[in-house]
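What follows draws every value from the coordinates through simple rules; no lab data is involved. Everything numeric here is computed off the predicted structure, so don't read it as measured data. In this analysis, Cβ positions are derived from the backbone assuming ideal geometry, glycine residues included, and neighbour counts consider all displayed protein chains.
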Amino acid sequence: MKQYDAIIIGFGKAGKTLAAELSNRGWQVAVIERSDMMYGGSCPNIACIPTKTLIHEAEISSLLYYEDFPKQANMYKQAIARKNRLTSFLRESNYKKLSQRPNVTVYTGTASFISANTLKVALPDGDIELQGKEIFINTGSTPIIPAIDGLKESRHVYTSATLLDMNVLPKHLIIVGGGYIGLEFASMYTGFGSKVTILESGDRFMPRNDQDIAQSVREVMERKGIEIHLNARAQSIHDTNDGVTLTYSDVSDSTPYFVDGDAILIATGRKPMIEGLNLQAAGVEVDAHGAIVVNDQLRTTVPHVWAMGDVKGGSQFTYLSLDDFRIIRDQLFGDKKRDIGDRNPVQYAVFIDPPLAHIGLTEEEALKRGYSFKVSRLPATSVVRSRTLQQTDGMLKAIVNSHSGKIMGCTLFCADAPEIINIVALAMKTGQETAFLRDFIFTHPSMSEGLNQLFDV
């Protein structure tokens, strides 16, 4: 049995960064990854990087070949090929960076706990056992597949990962699920020229956002031809000679409806990837949603076993996985002051067109908590840069404490929102009042200078 100072299960953002850190400190490290197509984790292989690459390509396709489906289909095929070259490069680069370290061993196989300190690793040429002083679980998440009749038998059903491997542009893409992943794919495939239909089982579009923001997003999407159906519960899927038919019912009155397409994307959320880990053998507890239970310092119910990234539940962002690494590094080698609570609030972005970004409280949340606050709204078209970009859709919104003048929350639905929200986040985390952004000198013309107007409250 091989002994290691640290065993890391999963080659994701937190795991690979931690492996390099421990290696630099002289630890003997084992990294176990079940798939040779996932070195580096979800982000560079099946999530952030490939999707954002294709979203960029879709914007170009829409500009060059609007309403010319054959040319857009050809560009889509080329874009998939370019995406594949990029992910292959990143995957190989990630593998080399770790495997070439003298005190890091990468095992491509499936890990499962035998005890709190011992793992069995199923390799192509047989099983081995590894023992570790510290064990870190970084196995990520996996799509939730709903119970829909005919789903497993259909040749036209995809997840967000498998759809990106298809190089034939669907004429009509049906998306089951109206969450952020579904919206990004809807925006992307509409840009490439596909007809897109979204089926959302809930009665509210984008429930995490204020209604005015959600309505603005919906109006923009519908103007681009995206069909959005709420209260739509998928019932069955049936392959036809021409593609696939999805039957759904209206939750409110059970009325059945049918929609024909060439591909169905299942975008009903993701869940922690714990299958096969045999966590009970180690005494590691999970919650009702299958997420590994951790304390604020990311230790599981077994003190020398840690969990990082999506597998511990909560928000699923690569940059939070990276911050998980920072917390663990501080616990192992620092002053032990970091925990998961001190990073809030955390900003996020949804790469629709235009993109959406948010940090802090929404107006509805502020009302529920009984805060005294002011609301500032600014149409995107008021920012002159939106006109030079010809991207005038959207709005900017801020929630400001009436007494302190501190920023409580901000939502940006406009061009460059993923970049601008970082400026707002910096102001919030350093405790700035609105005057800081109101009077800040930004370059001109830029979308960020819209913050001058937004925070003039």
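Under a straight-distance cross-link criterion of Cα-Cα below 19 Å, which lysines are reachable from residue 337, leaving out those fewer than 8 residues away in the same chain? Once the sequence-local lysines are set aside, what remains near residue 337 is 429.
For the range 348-454, compute Rh as the Kirkwood radius over C-alpha pairs and then the Stokes-Einstein diffusion coefficient at 37 °C and 0.692 mPa s; write the answer in µm²/s, rounded to an integer. Intermediate results must be reported in sequence, preceding the final value.
Working: Rh = 13.7 Å.
Approximately 239 µm²/s, per Stokes-Einstein.
Once the C-beta distance of residue 116 and residue 369 is scaled by a Förster radius of 35 Å, the resulting FRET efficiency is 0.30 to the nearest 0.05.
Straight-line cross-link partners of residue 77 among the aspartates and glutamates, defined as a Cα under 18 Å from its Cα and at least 8 positions apart when in the same chain: 57, 59, 67, 68, 165, 262.
Over 31 Å between Cα atoms, which of 271/406; 52/312; 83/171; 2/152; 97/152; 13/195 qualify? Let's see the in-between values first.
Working: 271/406 35 Å; 52/312 25 Å; 83/171 20 Å; 2/152 40 Å; 97/152 38 Å; 13/195 34 Å.
As for pairs spanning more than 31 Å Cα to Cα, those are 271/406; 2/152; 97/152; 13/195.
Rounded to the nearest 0.05, what FRET efficiency is calculated for residue 5 and residue 419 with R0 set to 41 Å and r the Cβ-Cβ distance? So, using R0 = 41 Å, E works out to roughly 0.55.
Packing, as the average of other Cβ atoms within 10 Å across residues, places the peptides 60-70, 199-209 in the order 199-209, 60-70, highest first. Answer rounded, prolate or oblate for the chain, using the Cα gyration tensor with square roots of eigenvalues a ≥ b ≥ c: rounded when a/c is under 1.5, else prolate when a/b is larger than b/c, else oblate. In terms of gyration-tensor shape, oblate. Taking a ≥ b ≥ c as the square roots of the eigenvalues of the Cα gyration tensor of the range 1-151, is the shape rounded (a/c under 1.5), prolate (a/b larger than b/c) or oblate? Note, shape of the range 1-151 comes out prolate.
The spacing between the range 270-323 and the range 99-114, judged by their C-alpha centroids, is 19 Å.
Its Cα gyration tensor gives the range 157-268 an equivalent ellipsoid; the semi-axes, largest first and in whole Å, are 21, 18, 12. Straight-line reach from residue 133: taking Cα to Cα under 15 Å and skipping same-chain neighbours fewer than 8 places apart, the aspartates and glutamates in range are 5. The calculated FRET efficiency for the pair residue 250 and residue 403, based on their C-beta separation and a Förster distance of 60 Å, comes to about 0.85. Projecting the Cα atoms of 334, 356, 345 onto the charge dipole of the range 326-375, computed from C-beta unit charges around the Cα centre, puts 334 farthest toward the positive end. If Lys and Arg each add +1 and Asp and Glu each add -1, what is the summed charge of the other residues whose beta carbon sits under 9 Å from the beta carbon of residue 333? Summing Lys/Arg as +1 and Asp/Glu as -1 gives 0. Among 364-371, 130-137, 387-394, sorting by the average number of other beta carbon atoms lying within 10 angstrom of each residue, highest first, gives 130-137, 387-394, 364-371.
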